[in-house]
Amino acid sequence: MKLQEIPVSVLPGVGPKRLTAIESLGIKSIYDLLFYFPFRYEDMEVKSLEDAVDQEKILLKGIVASDPVVAHFGYKKNRLNVRILVENESIMVTFFNQPWLKDKFETGNEVAVYGKWDQNRRALTGMKVIGDSHSEGAIDSVYSVNKSIHQKTLVNLIKQAFDTYHQDIVSVIPIEIRTKYQLLEDEQIVKGMHFPKDEQESEVARRSAKFREFFLFECGIQSVKAKDRQDNDGLVEDYNREFVQEFLNDLPFDLTNAQTKVVDEILSDMSSKHHMNRLLQGDVGSGKTIVAVIAMLASVTAGFQAAIMAPTEILAQQHFEKISNLLTPLKLRVGILTGSQTKKEHDTIAQNIADGKINVIVGTHALIQDSVNFKNLGFIVIDEQHRFGVNQRKALREKGPNPDVLAMTATPIPRTLAITTYGDMDVSRIDELPSGRKPIQTYWIRSQKVEQMYRFVKKQLEDHAQVYVVTPLISESEKIDLKNAELIFDKFNELFAPKYKIGLLHGQMPNDEKESVMDDFSAQKIDVLVSTTVIEVGVDVPNATVMVIYDANRFGLSQLHQLRGRVGRGDKQSYCILIADPKNEIALERMKILTTTTDGFVLAEEDLKMRGSGDLLGSKQSGLPDFKVGNPIVDFNILETAQQEAEQLFKDDDAIEKPENKVLKLFLSVEFEQLNNFD
Ligand code: ADP
Ligand code: MG
């Protein structure tokens, strides 16, 4: 690709110092420079004087009313003054150090000047004359620059680059797709993005640029997938079908249709040569754990070890107990490895893992320590996968000879994320809850009405319900947070003890204490569990039916949904009570949404919208890749179309060999690294 190989240093005026400055923006080649698009445009619509705001930039249109006068002052400094008549008012316009602009003002002619408005003096400090000259559009592009380089310098360089090389800009999107969606050629995109002559040209270029950006990104993902398809070095786990079927028959419940479908998808991946990289999404309570257990069992019957990694000790412990109950009767050996074990315990278990004496290992991130080696790890489950970093997931994967991976998440993944961040994974969804579940009833009250909640909890306790009470982290200081939880703990004791037992669980407790509190709650020895957010993910105590959340506005929507998902896990009616004093419209809206829907998918979409409506920071926090032109949330329609086209293209032309895709292929091979950095 020619332009990618030409360094910016070929441009006149780019010496070593300027080169460093340009490179600090991530620009190396002429190609980079041409595709370094402005992040916004100055609003250059003509304004009437009435709307002019002091010290803001405006575009005024008027008739030149006096001859321009250039006055010199100081060393090499000068000032150009000219009066223009705007809406019958004579406005003084001053330009500093641009004497040549004199020629643009001829008495009686119409002129438009862009500049900074001074309300007191009724005067304009001019920045730009908008004429009919083609080089000066009526729209001003604004680039993100840093201290080492000026806007103006950058604009000039881009102009030079465009003038010299515009004929070498080749379009990467295959013509058929370009025609189908009426997209501009790349040369026109570059021109329209940098130097639009009007709003419309800018719009058209932007739309094409967005499509192009999304399309190339999605092609990057598709090429990863295509490679995975071609790779035949995945493990073939030839599992024992009868054994697995018997296990299913002996379960106390039937799998839901959705669970059955997902189990089939996983097992067929496992027994094939392809490497499995699958994301299992299912709303809280949809029963992902049992799916994982079935898959792990299958893997063990094929002669491999299986591991499941959970984000917290409490969750790992709970998984260990449940999985042991299910699998030890079948003569499988289940072990647990966490960070809180003694060195001796750790060493014994690590030895058993290395010797292959343990078939299924449950653990926290302790599993990825160097001291842990598997005999033959064939299958990995990553529970609550969004709680782990990419590197942690990768580290576990590297513990085996290319094990199949099942990543599970209860946080529903909006389509936006599914086709970007997780685009390289196959996605399975459990889209139904086990039968007999009643939707959780959610109420929101303000803190002054807290007595209502006490009354409600009392009634529920009399009905033998178990209750979670959650308080958020409210300060940087763990001491203050704990204090908050302790105050609530005291209050519940005052109200309900000794008839009911109140337990306290918080992050700073030693792990064995946490475990024993959780065990007591599971065994119904504790009726009310007051806790900081340690129970947020995964915990499964089906008898608990009431969730009270203090300061609910301090949590994100998805987090609240997760917390609420700790109840409603059996067939009893469950309740969630949110205590919050929302201080603005959005906060209020969030409480209302929670009371009206229990659909995690809807909530996740809303969450993303509320946080990320346009700003980059928002999308960063949401785990979306960083796009330069398009915004995956706002421009979702374009993103989705681009995704479909990319997928189709790879379907028709797996290795990208057709002549019409030649430029694209070259481009992908050059940009591959860059495109691949989305995770
Ligand atoms: P999550 O998807 O949130 O991780 P779990 O796997 O913890 O959900 O399952 C929630 C509860 O539902 C557990 O108590 C589990 O035993 C139960 N469960 C799972 N599948 C079914 C089913 N098909 N029918 C009835 N109960 C089920
Ligand atoms: Mg779970």
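The HN-Hα couplings worked out from phi for the stretch 496-512 by the Karplus form 6.51 cos²θ - 1.76 cosθ + 1.60 (θ = phi - 60°) are 10, 7, x, 4, 10, 9, 10, x, 10, 9, 8, x, 8, 5, x, 4, 5 Hz, whole numbers, x standing for Gly and Pro. For VAL427, nonlocal amide neighbours, meaning residues 5 or more places apart or on other chains whose placed amide H falls under 5 Å from its own, are LEU279.
Looking at the stretch 243-316, the chymotrypsin sites (Phe, Trp or Tyr not before Pro) that sit in a DSSP loop and have at most 13 other Cβ atoms within 10 Å of their own Cβ are PHE253. Using θ = phi - 60° in the Karplus curve 6.51 cos²θ - 1.76 cosθ + 1.60, the 3J(HN,Hα) couplings for the stretch 283-297 round to 4, 3, x, 7, x, 7, 4, 5, 4, 5, 5, 4, 5, 5, 4 Hz; x is entered for Gly and Pro. The HN-Hα couplings worked out from phi for the stretch 324-334 by the Karplus form 6.51 cos²θ - 1.76 cosθ + 1.60 (θ = phi - 60°) are 4, 4, 7, 9, 5, x, 8, 6, 8, 9, 10 Hz, whole numbers, x standing for Gly and Pro. DSSP beta bridges confined to the chain are antiparallel in about 40 percent of cases. Dimensions of the chain based on its C-alpha atoms, expressed as ranges along the principal axes with the largest first, amount to 97, 65, 45 Å. Under the combined filter of DSSP loop state and at most 12 neighbouring Cβ atoms within 10 Å, the stretch 260-294 retains these trypsin sites (Lys or Arg not before Pro): LYS273. Straight-distance candidates among the lysines for linking to LYS28, with alpha-carbon spacing under 19 Å and chain neighbours fewer than 8 residues away dropped: LYS2, LYS17, LYS147, LYS152, LYS159, LYS628. Across the stretch 158-218, counting alpha-carbon atoms alone, Rg and Dmax equal 11.5, 32 Å. Over the stretch 243-390, the reciprocal of the mean inverse Cα-Cα separation, the Kirkwood hydrodynamic radius, stands at 15.7 Å. Against the chain, whose longest principal axis is taken from its Cα atoms, helix 662-676 shows a tilt of about 60°. Determine, at each q value in 0.15, 0.19 (inverse angstroms), the log₁₀ of I(q)/I(0) that the Debye formula gives when each Cα of the stretch 211-262 is one equal point scatterer. Reported log10 I(q)/I(0), two decimals: -0.72, -0.80.
Apply the a/c threshold of 1.5 to the C-alpha gyration tensor of the stretch 387-532 and tell me whether it is rounded, prolate or oblate. Prolate, because a/c is 1.5 or more and a/b exceeds b/c.
Note on the stretch 363-413: Kirkwood radius taken over Cα pairs, Stokes-Einstein applied at 20 °C and 1.002 mPa s, translational D equal to 188 µm² s⁻¹. So what is log10(I(q)/I(0)) for the stretch 3-123 at q = 0.10, 0.18, 0.21 1/Å, when the Debye sum runs over its Cα atoms only? Each listed q corresponds, in turn, to -0.51, -0.91, -1.03.
Axis angle, to the nearest 10 degrees, between helix 636-652 and the longest C-alpha principal axis of the chain: 80 degrees. Once you've got the Cα coordinates, tell me which of LYS288/LYS344; LYS322/LYS572; LYS438/LYS458 are over 25 Å apart. Table pairs above 25 Å Cα-Cα are LYS288/LYS344. Considering only ASN277, MET309, HIS346, and ranking their Cα positions along the charge dipole of the chain that arises from unit charges at the beta-carbon of Lys, Arg, Asp and Glu, the one farthest toward the positive end is HIS346. Estimated from helical segments only, the mean residue ellipticity of the chain at 222 nm is -12500 deg cm²/dmol, where each DSSP H run of four or more residues counts as -39500 (n - 2.57).
The long axis of helix 199-230 is offset from the longest Cα principal axis of the chain by roughly 40 degrees. From the gyration tensor of the Cα coordinates in the stretch 480-538, what semi-axes in whole Å does the equivalent ellipsoid have, largest first, with each one equal to sqrt(5λ)? Gyration-tensor ellipsoid for the stretch 480-538: 17, 16, 9 Å.
About the centre of its Cα atoms, the chain shows a dipole size close to 1420 debye [charges on the beta carbon of Lys, Arg (+1) and Asp, Glu (-1) only; nearest 20 debye]. Mean projected area of the Cα convex hull of the stretch 57-106, taken over all directions, amounts to 3.8 nm².
One quarter of the convex hull surface, Cα atoms only: what value does that give for the stretch 511-564 in nm²?
Orientation-averaged projected area of the Cα hull: 3.9 nm².
Placing +1 on the Cβ of each Lys and Arg and -1 on the Cβ of each Asp and Glu in the stretch 4-92, which of VAL86, LEU34, VAL70 has its Cα farthest towards the positive end of the resulting dipole? The listed residue farthest towards the positive side: VAL70.
Normalised by 2.2 N^0.38 Å, where N is the number of residues, the alpha-carbon radius of gyration of the stretch 326-372 equals 1.11.
Can you list the residues, at least 5 places off or on another chain, whose amide H is less than 5 Å from the amide H of LYS375, using H built in the peptide plane? Here the answer is GLY356, since their amide H atoms fall under 5 Å of that of LYS375. Restricting the trypsin sites (Lys or Arg not before Pro) of the stretch 144-230 to loop positions (DSSP other than H, G, I, E, B) with no more than 16 neighbouring Cβ atoms within 10 Å leaves LYS147, LYS197. Along its three principal directions, the equivalent ellipsoid of the stretch 223-330 from the Cα gyration tensor extends over semi-axes of 24, 17, 15 Å, largest first.
Computed from the coordinates by the stated procedures, all read-outs in this text should not be read as laboratory data. Predicted, not measured: the structure shown is a model, and the values here were computed from it. No Cβ is skipped: glycine too gets one built from the backbone with ideal geometry, and neighbour counts run over all protein chains shown.
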